[in-house]
Amino acid sequence: MGCIERYFKLRRGDIVFVKYTFEALDNLLVVTTVNRDRDIIVLRIAPGCEDEVERVLESFEGTVCLEEIEAPDFHESR
């Protein structure tokens with residue numbers, strides 16, 4: 001079973017906070033900025049870590065505005 005990918009749009013200033021928060025929690029996931037112009041990140045979640053990642057995402061409520069989105073079409077023009 002492979003990683004689960006979840007895409008989010010957020011404020012540019014929050015990307016670093018989200019990235020470093022998850023990096024502090026070893027081996028849960030990898031955070032990648034997939035579209036810097038549109039402030040979109042992907043969380044590649046390790047199998048079996050979904051519940052823990054969800055708890056961390058819920059802890060951001062009121063601090064970080066994350067909007068989960070469908071996977072972007074990487075072939076669309078800007």
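Please treat every number below as a calculation from the coordinates, not as lab data. All figures in this text were calculated on a predicted structure; none of them were measured in a lab. Backbone-built Cβ (ideal geometry, glycine too); neighbour counts: all protein chains shown.
A few points about this structure:
- In the chain, the longest principal axis of the Cα atoms and the axis of helix 12-23 are about 30 degrees apart.
- Helix 50-59 vs. the chain, principal-axis angle (Cα, 0 to 90°, nearest 10): 80
- Summed residue charge, Cβ within 12 Å of VAL30's Cβ, Lys/Arg positive, Asp/Glu negative: 0
- The chain: calculated mean residue ellipticity at 222 nm from DSSP helix runs of at least 4, using -39500 (n - 2.57): -8500 deg cm²/dmol
- Total formal charge among the other residues, if their Cβ is under 12 angstrom from that of GLU67, Lys/Arg +1 and Asp/Glu -1: 0
- ASN27-SER59 FRET efficiency (beta carbon distance; Förster radius 25 Å; 0.05 resolution): 0.85
- The stretch between VAL34 and ALA46 holds 2.5 nm of extra length on full extension. This uses 0.36 nm per residue minus the Cα-Cα distance.
- Charge tally around ILE41: other residues with Cβ under 15 Å, Lys/Arg +1 each, Asp/Glu -1 each, net 0.
- Inter-probe distance in nm under a simple model that places probes 7 Å from Cα toward Cβ, at GLU68 and TYR20: 2.7
- For the chain, projected area of the alpha-carbon convex hull averaged over all directions, nm²: 5.4
- The mean sequence distance of close C-alpha pairs (under 8 Å, at least 6 residues apart), as a share of the length of the chain, puts its relative contact order at 41 percent.
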